[in-house]
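Report on the structure given below.
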Amino acid sequence: QVQLVESGGGLAQAGGSLRLSCAASGRTFSNDAMAWFRQAPGKEREFVAFSTWSGGRMYADSVKGRFTISRDNAKKTVNLQMNSLKPEDTAVYYCAARTGWASVSTRDYEYWGQGAQVTVSS
């Protein structure tokens, strides 16, 4: 059984920064694709960024240039550094994992964290 536990997040002002971390346990991490999704109130969960097992990265257009995903396979963690935050970044952020290739679709991910709230004030 895989467990993903997010930490970080919180409240920031527009233009500020926050960092999210996700710690994985229960399986081999280095072969997994890891991703961040977010869900704002009344909206569907949407892709934010992913990191492939080989170190490749992809970002949603809405966060490109502002957010950075990174992973440490030895520590089994994946992080999301969020800079130049905007009020529209306000959402619950979820860490997700799957074996093999990465995807931007929520349906392709087997394992999910409990979510971390990020609130950006204007």
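Given the conditions (1) at pLDDT below 95; (2) surrounded by 12 or more Cβ atoms within 10 Å (Cβ to Cβ), and given that Ser54 satisfies all but one, which numbered condition is not satisfied?
(2)
Return the residue satisfying two criteria in turn: it lies in the stretch 100-122 and is in a loop (DSSP other than H, G, I, E, B) and under 21 Å from Gln3 (Cβ atoms), and of such residues it is farthest from the chain's Cα centre (by Cα).
Restricting to residues being in a loop (DSSP other than H, G, I, E, B) and under 21 Å from Gln3 (Cβ atoms), the top hit is Gly100.
Just checking, which of Ser70, Ser62, Ser21 is assigned to a loop (DSSP other than H, G, I, E, B), closer than 30 Å to Ser122 by Cβ and polar (S, T, N, Q)?
None of the other options fit; the residue is Ser62.
If I ask for residues that are of a type in the set (Asp, Glu) and buried (at least 20 other Cβ atoms within 10 Å of the Cβ), which ones from the stretch 64-108 would you list?
Residue satisfying the conditions is Asp89 alone.
Out of everything in the stretch 40-51 that is under 11 Å from the mean Cα position of the chain (by Cα) and under 19 Å from Leu85 (Cβ atoms), what residue ends up being most open to solvent (accessible area, probe 1.4 Å)?
Glu46
How many of the residues in the stretch 16-33 are at pLDDT 95 or above, open to solvent by less than 30 Å² (accessible area, probe 1.4 Å) and farther than 14 Å from Asp89 by Cβ?
Number satisfying all stated conditions: 1.
Any chance you could count how many residues in the stretch 38-59 are under 21 Å from Thr119 (Cβ atoms) and in a loop (DSSP other than H, G, I, E, B)?
6
For the stretch 87-99, enumerate the residues that are assigned to a strand (DSSP E or B) and either out of contact with any Leu (no Cβ under 8 Å at 6 or more places or on another chain) or polar (S, T, N, Q) (or both).
Passing the criteria: Ala91, Val92, Tyr94, Arg98, Thr99.
The values are calculated or read from the model by the stated rules, or taken from the named source; none is laboratory data. All figures in this text were calculated on a predicted structure; none of them were measured in a lab. Quick reminder, even Gly has a Cβ in these numbers, built from the backbone with ideal geometry, and neighbours come from all protein chains shown. Keep in mind that these areas ignore ligands, DNA and RNA; they rest on the heavy atoms of the full protein, side chains included. Shrake-Rupley method; radii C 1.70, N 1.55, O 1.52, S 1.80 Å.
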